[in-house]
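Since the structure comes first, as structure tokens, the remarks are kept for the end.
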Amino acid sequence: YIDSTILNGGRNNTPVVSYNNVNRASILTGFTITGGGGQRGAGILCVASSPTLTHLKLINNVATFRGGAINCQAGAAPTIEYVVINGNSAPFAGGIGCEASSPRISHALIANNTANGGEGGGIYINQGEPTLTHITFYNNQCDRAPNLYVLTNSLTVTNSIFWNNPGADITIFMGRVTVDYCIIEGGRNAIQGGNPTYGDNNIENNPLFVDPNGGDFHLQEGSPCID
């Protein structure tokens, strides 16, 4: 019922959902979140909180500064899993913004998000220790650092797909970045800046989505991602 259970912010100048000092006992699941606004975290704003955000679709939310879909700040450490983040925008972090926070993000589709003039069309990380695994990054855009922007101490990205993102897939301003067991279109050359650890298990083959233009990111039977 995710597609038919909708929280719509009506483009008011506020996030659709806001958390402040909330612990892991809080679970948000089973909604489409759209029409959000405000300065940070137009879909979900997470301040000093650690909720579980699972089985959600965040679509067409627009922040005026950072985090079109989700913004994590002030030591937030939410679990973000089984989510679709599609068509959101902000000057910084069209999809997910991370400010001095450590979200655990997994099993996510982050596609068609835009950072309008800033950095991080998909995810923008400014300090903190987030973990990224099983994420598909597709067609996230901006003039600078179009997909994943990193300014932190360390970041590990595993089991993820970077495909059809114009420009660099990962832009490292600061930090130790490790990438392994990923498909990266363009390979090591698609990582800009820094001195990343680029594992031997990365490949550059087309992941063979079923119909990405139609929104179907399942893998075809012959996909090199399988196994």
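Odds and ends about this structure:
- Exposure of T197 as accessible area (Å², to 10), given a probe of 1.4 Å and all protein chains: 80
- Relative contact order of the chain: 11 percent, from C-alpha pairs under 8 Å at least 6 residues apart in sequence.
- Here is the list for the range 104-194: trypsin sites (Lys or Arg not before Pro) lying in DSSP coil, each with at most 16 other C-beta atoms within 10 angstrom of its C-beta, are R144.
- Calculated FRET efficiency for the pair D3/T156, C-beta based, R₀ 30 Å, to 0.05: 0.35
- Radius 10 Å from Cβ of T156, net charge of other residues (Lys, Arg +1; Asp, Glu -1): -1
- Backbone HN-Hα couplings from phi across the range 175-186 [Karplus 6.51/-1.76/1.60, Hz, Gly and Pro as x]: x, 8, 10, 10, 10, 8, 6, 10, 9, 10, 5, x
- Accessible surface calculations at 1.4 Å, restricted to protein heavy atoms, place the chain at 42 Å² per residue.
- For the options G120, G194, G214, a Gaussian network treatment of the chain with springs between C-alpha atoms closer than 10 Å singles out G214 as fluctuating the most.
- The calculated pair-distance distribution of the range 157-227 uses every alpha carbon pair, bins of 5 angstrom beginning at 0, and gives 4, 17, 26, 23, 16, 9, 5, 1 percent.
- Remark: the Cα gyration tensor places the range 1-160 in the rounded category, a/c being less than 1.5.
- Candidates G122, G94, G35: whichever shows maximal mean-square fluctuation once the chain is modelled as a Gaussian network with Cα springs under 10 Å: G35
- Sequence-ordered 3J(HN,Hα) estimates for the range 112-126 from the Karplus curve with 6.51, -1.76 and 1.60 and θ = phi - 60° stand at 6, 9, 9, 9, 7, x, x, 10, x, x, x, 9, 10, 10, 10 Hz, glycine and proline given as x.
- Gyration tensor verdict on the range 1-52 (Cα atoms; rounded if a/c is under 1.5, prolate if a/b is larger than b/c, oblate otherwise): oblate
- Inter-site label distance for N201 and A48 at 7 Å from Cα along Cβ, in nm: 3.9
- With bins 10 Å wide beginning at 0, the percent of Cα pairs of the range 90-129 falling in each bin runs 34, 51, 14.
- In the range 1-87, the chymotrypsin sites (Phe, Trp or Tyr not before Pro) that fall in loop regions by DSSP, at most 12 other Cβ within 10 Å: Y1
- Accessible surface of the chain [probe 1.4 Å, protein heavy atoms]: carbon and sulfur percent: 47
- Top of G36, G193, G128 by mean-square fluctuation, Gaussian network on the chain, Cα under 10 Å: G193
- Size descriptor, Kirkwood hydrodynamic radius, that averages inverse alpha-carbon separations across the range 1-90, Å: 12.3
The values are calculated or read from the model by the stated rules, or taken from the named source; none is laboratory data. For clarity, every value in this text was computed on a predicted model and none was experimentally measured. Because the Cβ atoms are built from the backbone with ideal geometry, glycine has one as well, and the counts that use them run over all protein chains shown. To get the accessible areas, we keep the full protein, side chains included, count just its heavy atoms, and leave off ligands, DNA and RNA. Shrake-Rupley method; radii C 1.70, N 1.55, O 1.52, S 1.80 Å.
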